[in-house]
Each structure stands twice: as structure tokens, then as C-alpha cells.
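What follows is a single structure, written as C-alpha cells, with notes after it.
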Amino acid sequence: MKFQGQVLKMSTINDTPIQYYMNFSNDLINMNQLIGKKLKLTLIGYQCVNCGNDERLYRMGFCKNCFFESPYASDTIIRPELSTAHLGIAERDLQVEQEIQLVPHVVYLAYTGDVKVGVTRFNQLPTRWIDQGATFALPIAKTTNRYEAGMIEVALKEHLPDKTNYKKMLQDDFEDDLDLADFRNKIEQYFPEEFKNFYSMEGEVSRLDYPYEAPANINVFTLDKNPEFEGTLAGIKGQYLYFEGGNFINMRSHEGYVVELETL
């Protein structure tokens with residue numbers, strides 16, 4: 001079988017284990033069914049996820065022009081505390097920014113090799129946790145907009161990381177006595193005074209089950225440096241495909257790449 005098209009991040013269904021679907025120009029391929037099979041990935045070209053331009057991508061699947069102009073690549077995507085839609089102030093496109101920012105958001109704790117703090121829209125759970133490869137996750141606050149969640153995250157990341165260490169995440173190692181609820185209780189004191197009303201103890205710890213067992217070695221490759229890759233798919237975690245021999249590719253970082261997938 002051969003599939004070809006523009007790659008977007010893998011879609012997921014939170015099952016036991018999590019089900020993964022590769023997106024090739026809107027054709028979905030169940031990747032769980034390909035575990036144990038030899039695959040060939042070939043880089044064909046590039047296609048901006050915003051405008052469809054086939055020039056070399058700049059960042060996050062966008063061409064350079066779209067990266068600096070599209071509201072979907074604005075600074076508030078990475079730094080929610082910069083949000084101004086709640087003030088009626090546009091960064092790039094107020095209508096789009098209001099749709100993204102003026103909805104309920106969740107501040108959460110997740111274990112991805114370390115306990116980290118994060119922010120996402122409420123309707124993105126548990127997808128956001130799965131994309132990050134979280135083994136455990138727990139909401140600690142629900143806000144009315146992105147700015148409020150971002151300000152809480154800014155305060156908490158002085159005490160916890162807000163980035164995922166991908167190697168630790170892929171090593172899939174955790175202590176049996178890890179207790180996110182205990183972390184939630186201890187972190188309350190660091191909430192900014194004006195946002196303490198958003199703190200919540202109502203959420204329960206979620207455990208995510210991946211079709212994955214960690215190898216001894218972890219080697220991440222890209223199609224830019226390795227435009228033709230063959231290997232036997234051994235597992236999936238986060239947005240990483242794991243091939244026998246410890247070879248990993250992050251499909252999220254290949255959004256906008258035009259790729260051919262062939263089963264051998």
C-alpha cells in the first residue's frame with residue numbers, strides 16, 4: 001500500500017491503547033494496525049498548512065510569510081499570557097483570536113518524564129495530553145479565557161517546567177508513588193492572588209495508555225536529513241513514531257511536509 005499527501009499531526013482516539021491516525025491530505029490511516037510492519041517514508045516536498053504554498057517551510061508547518069502573518073502562528077499560540085482578545089485588541093486577526101482565546105481554558109499538570117504545567121483549550125482535552133506523550137495528567141484550574149490561564153502558567157512555571165523533555169518522555173520511566181494530586185495541593189500557594197478563584201480540586205488524574213514500550217536507545221531523525229527512511233514500526237507515543245532500533249520521528253514537527261508512506 002502507498003499513501004501520499006501533506007502531513008498534519010496524527011489524530012487520536014483515547015482508547016486502550018490510544019488509537020493513532022496519520023493524516024495524509026485528509027486521508028486517515030490507522031497507524032496501530034501498521035505496528036510490526038516494515039514501512040518506508042519518503043519526502044516528496046512541502047506545502048504550507050495555511051496558504052498551500054510549496055516553498056520550503058519556515059516553522060510550525062508555515063511558510064515564512066504565513067508564520068509572521070497568520071493568527072494561527074501568532075505569539076499567543078506559544079505564550080498565552082500575551083493574549084489581548086479579552087481586551088478587544090487584535091494581534092493579527094481579532095475575529096480568529098477571539099474564537100481561539102475567548103473560550104474556557106484549562107491549566108493542568110502532566111507527567112511527561114517530569115511533572116510540568118501546561119495550558120490548553122478545554123475542548124482540546126485529552127488530545128493535548130496525548131500529543132505531549134503524558135503518562136498522567138490532572139486539571140488544576142479552568143478559566144474563562146486564554147489570558148487568565150496564561151498568567152497562572154507564568155506564575156507556576158517558576159516552580160515547575162512548562163516544556164516537555166522529549167527524551168525523558170520517550171524513556172517512559174516513572175515512580176510508582178507519583179502523585180499529581182499531591183502536586184496540585186502544593187502548587188496552590190503559587191497561584192497569583194487575582195486568579196486564585198480559578199483553582200480547582202475537582203478534576204481526577206487521567207492515565208494515558210500508549211501502544212509503546214521504551215527501547216534502550218533513542219535516536220530522533222527528520223526527513224530533511226533522512227529523506228528516505230525504512231524501518232519496522234514498533235510503537236507510538238505522543239506524536240512520535242518509534243521504529244525498531246530506537247529510531248523516532250516526530251510527526252508534529254513534520255506538519256506541512258508532503259510525504260509518501262509505503263508498506264513493504
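Right, Tyr72: modelled with pLDDT of 95 or more and touching a Lys or Arg at 6+ places or on another chain (Cβ under 7 Å) or not? No. If only residues of the stretch 148-173 that are crowded, with 19+ Cβ neighbours inside 10 Å and acidic (Asp, Glu) are counted, the one that is nearest to the chain's Cα centre (by Cα) is Glu153. Considering only residues in the stretch 120-147 that are in contact (Cβ under 8 Å) with a residue 40 or more places away in the chain and closer than 11 Å to Val103 by Cα, the one that is surrounded by the most Cβ atoms within 10 Å (Cβ to Cβ) turns out to be Arg146. Can you say whether Asn247 is within 26 Å of Tyr46 (Cβ to Cβ) and without any contact (Cβ under 8 Å) to a residue 40 or more places away in the chain, as far as the supplied structure shows? Criteria met by Asn247. Residues that are free of Cβ contacts under 8 Å to residues at least 24 places away in the same chain and buried (at least 18 other Cβ atoms within 10 Å of the Cβ) were ranked within the stretch 42-65; the one that is farthest from Leu223 (Cα to Cα) is Asn50. Evaluated against (1) in contact (Cβ under 8 Å) with a residue 60 or more places away in the chain; (2) out of contact with any strand residue (DSSP E or B) (no Cβ under 6 Å at 6 or more places or on another chain); (3) not basic (Lys, Arg), Leu102 falls short on exactly one condition, (1).
Restricting attention to the stretch 167-187, the residues being in contact (Cβ under 8 Å) with a residue 24 or more places away in the chain and part of a helix (DSSP H, G or I) number 10. Residues that are under 18 Å from the mean Cα position of the chain (by Cα) and farther than 22 Å from Met1 by Cα within the stretch 222-238 comprise Thr222, Lys237, Gly238, listed in sequence order. Evaluated against (1) loosely packed, with under 15 Cβ neighbours inside 10 Å; (2) of a type in the set (A, V, I, L, M); (3) closer than 30 Å to Ile44 by Cα, Ala234 falls short on exactly one condition, (1). Residues that are surrounded by fewer than 17 Cβ atoms within 10 Å (Cβ to Cβ) and over 21 Å from Leu43 (Cβ atoms) within the stretch 1-16 comprise Ser11, Ile13, Asn14, Asp15, Thr16, listed in sequence order.
Per this entry, Glu204 is counted among residues that are out of contact with any strand residue (DSSP E or B) (no Cβ under 7 Å at 6 or more places or on another chain) and of a type outside the set (A, V, I, L, M).
The values are calculated or read from the model by the stated rules, or taken from the named source; none is laboratory data. All values derive from a computational prediction rather than experimental measurement. Methodologically, a virtual Cβ is constructed for each residue, glycine included, from the backbone with ideal geometry; neighbour enumeration extends over all protein chains shown.
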